[in-house]
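Novice: Quick one: this structure, given as structure tokens, is what I'll be asking you about.
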Amino acid sequence: MLIFSGNSNRILSKKIATEIGLSLGELEISTFPDNENRVRVVEDVVDQHVVLVQSTGISPNLYYMELFFMLDSLRRNGASEITLVIPYLGYQRQDHIFRDGEGVSLEVIIKLLEHLGIDRIISFDLHSIKIPELFHVPISHLSALPVFAKKINGMIKDKVLMINDLVLVSPDMGGIRRVELLSEMLGGKVPYISIEKDRDLDSGEIESVKINGDVKKTAIIVDDVISTGKTLISAANLLVKNGAENIYVMATHGIFAGEASISLQSSIIKKIIVSDTLEIPQNRKFDKLEVVSVASLIANELK
Ligand code: R5P
């Protein structure tokens, strides 16, 4: 097995390679003055099973183009099997038509990836459980929840969190299964509640309108992705209005679009824990942010 990385998340790629006892294969990715990319596989990949790691995040178009060219180079140069590790699958939230006249961006991405010859795909916490059904190649749908469960248990052990004060919160109705699963992973000892959210599809404005269930002193909001941070801030404000005193967040994918890092740092949220499915550039990091790694989950899946 050979493992290669695109430019989106080399830190995670290196961690995965180390965990499976390999080093990253040599792949040149250069950019012409007009911003077009050129990709060249330097290593011999003939008849090899190749693992390619690339996420998308804040620059989906750049990293998808890079990915398409990498897949093409690997196939043209004789790779016999390609496993794509795409920890965050960009465009997944556009998985159906929300308003008349829209296209389905995720379907375009899947068609391109399959056309370029991926044999298998590994991804994390997809926005909807229906997404795996859209692929025609085998997909391993992994989750960062076990890493978050471990983190919560550690915080309970260190007395940072008091188990009797805790409640898990889904910030929208679509995420209830996520908090239910996390609660199960915690031995059913931490209850969960959900929030009903309204999103204006034209303006992007978000309002958390109603809490279903009992709020406790310490709320851990669990989400799949943080983009603008508006969902979390709105949910946190509603929870505090309803009696919560400490708000934590655990989310798999930290995109931190636009001013998200600034808004989250100045919000009432105490700590935001995300996984490393996306690499967070220095200018989007902030004091309340902590990153936990999913590298060993990917390495185990590859082994
Ligand atoms: C929505 O359904 C997702 O689960 C996230 O809650 C949402 O995409 C987060 O977006 P933002 O950070 O922009 O509110």
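Novice: Test ILE269 against the criterion of being surrounded by fewer than 21 Cβ atoms within 10 Å (Cβ to Cβ), modelled with pLDDT of 95 or more and within 14 Å of the ligand (Cβ to nearest atom), and give yes or no.
Specialist: Judged against the criteria, ILE269 is not a match.
Novice: Every residue in the stretch 205-218 that is in a strand (DSSP E or B) and under 8 Å from ILE193 (Cβ atoms), please.
Specialist: Selection gives ILE211, ASN212.
Novice: Residue check: is VAL160 more than 16 Å from the ligand (Cβ to nearest atom), among the aliphatic types (A, V, I, L, M) and part of a loop (DSSP other than H, G, I, E, B)?
Specialist: The answer is yes for VAL160.
Novice: I would also like to ask the following. So how many residues does the stretch 182-204 have that are out of contact with any helix residue (DSSP H, G or I) (no Cβ under 7 Å at 6 or more places or on another chain), part of a loop (DSSP other than H, G, I, E, B), within 25 Å of LEU161 (Cα to Cα) and among the hydrophobic types (A, V, I, L, M, F, W, C)?
Specialist: 0
Novice: Anything in the stretch 123-138 that is outside any helix (DSSP H, G or I) and surrounded by fewer than 21 Cβ atoms within 10 Å (Cβ to Cβ)? List them, or say none. Show your work before the answer.
Specialist: Start the filter on the stretch 123-138 by keeping residues that are outside any helix (DSSP H, G or I), which leaves 123-130, 135-138.
Matches in the stretch 123-138: HIS127, SER128, ILE129, LYS130, PHE135, HIS136, VAL137, PRO138.
Novice: So which residues in the stretch 185-233 are more than 9 Å from the ligand (Cβ to nearest atom), at pLDDT 95 or above, under 20 Å from LYS151 (Cα atoms) and not hydrophobic (A, V, I, L, M, F, W, C)?
Specialist: Selection gives GLY187, GLY188, PRO191, TYR192, LYS216, LYS217, THR218.
Novice: Follow-up question, since we're still on this one. Using the structure shown, decide if LEU126 is of a type outside the set (D, E, K, R), under 30 Å from ASP72 (Cβ atoms) and in contact with a strand residue (DSSP E or B) (Cβ under 7 Å, 6 or more places away or on another chain).
Specialist: Spelling it out, LEU126 is indeed of a type outside the set (D, E, K, R), under 30 Å from ASP72 (Cβ atoms) and in contact with a strand residue (DSSP E or B) (Cβ under 7 Å, 6 or more places away or on another chain).
Novice: So, ILE298, is that one aliphatic (A, V, I, L, M), within 12 Å of the ligand (Cβ to nearest atom) and either out of contact with any Phe, Trp or Tyr (no Cβ under 6 Å at 6 or more places or on another chain) or free of Cβ contacts under 8 Å to residues at least 24 places away in the same chain (or both) or not?
Specialist: Details: aliphatic (A, V, I, L, M): yes; within 12 Å of the ligand (Cβ to nearest atom): no; either out of contact with any Phe, Trp or Tyr (no Cβ under 6 Å at 6 or more places or on another chain) or free of Cβ contacts under 8 Å to residues at least 24 places away in the same chain (or both): yes.
For ILE298, the condition - aliphatic (A, V, I, L, M), within 12 Å of the ligand (Cβ to nearest atom) and either out of contact with any Phe, Trp or Tyr (no Cβ under 6 Å at 6 or more places or on another chain) or free of Cβ contacts under 8 Å to residues at least 24 places away in the same chain (or both) - is not met.
Novice: While we're here: State all residues of the stretch 165-175 that are in a helix (DSSP H, G or I) and either more than 16 Å from the ligand (Cβ to nearest atom) or buried (at least 17 other Cβ atoms within 10 Å of the Cβ) (or both); if no residue qualifies, say none.
Specialist: Within the stretch 165-175, ASP165, GLY175 meet the criteria.
Novice: Can you tell me which residue in the stretch 249-259 is nearest to GLY57 (Cα to Cα), limited to those that are surrounded by 22 or more Cβ atoms within 10 Å (Cβ to Cβ) and within 11 Å of the ligand (Cβ to nearest atom)?
Specialist: Filtering first and then ranking leaves ILE255.
Novice: Out of the stretch 234-243, which residues are more than 23 Å from SER128 (Cβ to Cβ) and within 12 Å of the ligand (Cβ to nearest atom)?
Specialist: The answer is ALA236, and nothing else.
Novice: In the stretch 141-163, which residue that is more than 21 Å from the chain's Cα centre (by Cα) and in contact (Cβ under 8 Å) with a residue 40 or more places away in the chain is surrounded by the fewest Cβ atoms within 10 Å (Cβ to Cβ)?
Specialist: Pass one, the stretch 141-163, residues more than 21 Å from the chain's Cα centre (by Cα): 153-163.
If we keep only those that are in contact (Cβ under 8 Å) with a residue 40 or more places away in the chain too, we end up with 161-162.
Values: LEU161: 20, MET162: 13.
Per the stated criteria, the residue is MET162.
Novice: Just a yes or no: is a residue in the stretch 239-250 basic (Lys, Arg) and touching a residue at least 12 places away in the same chain (Cβ under 8 Å)?
Specialist: no
Novice: Would it be correct to say that ILE118 is under 30 Å from MET70 (Cα atoms), touching a Leu at 6+ places or on another chain (Cβ under 6 Å) and part of a loop (DSSP other than H, G, I, E, B)?
Specialist: Criteria met by ILE118.
The values are calculated or read from the model by the stated rules, or taken from the named source; none is laboratory data. Just so it is clear, the structure is predicted and the values come from calculations on it, not from any experiment. Ideal geometry is used to build each Cβ from the backbone, glycine not excepted, and the neighbour counts take in all protein chains shown.
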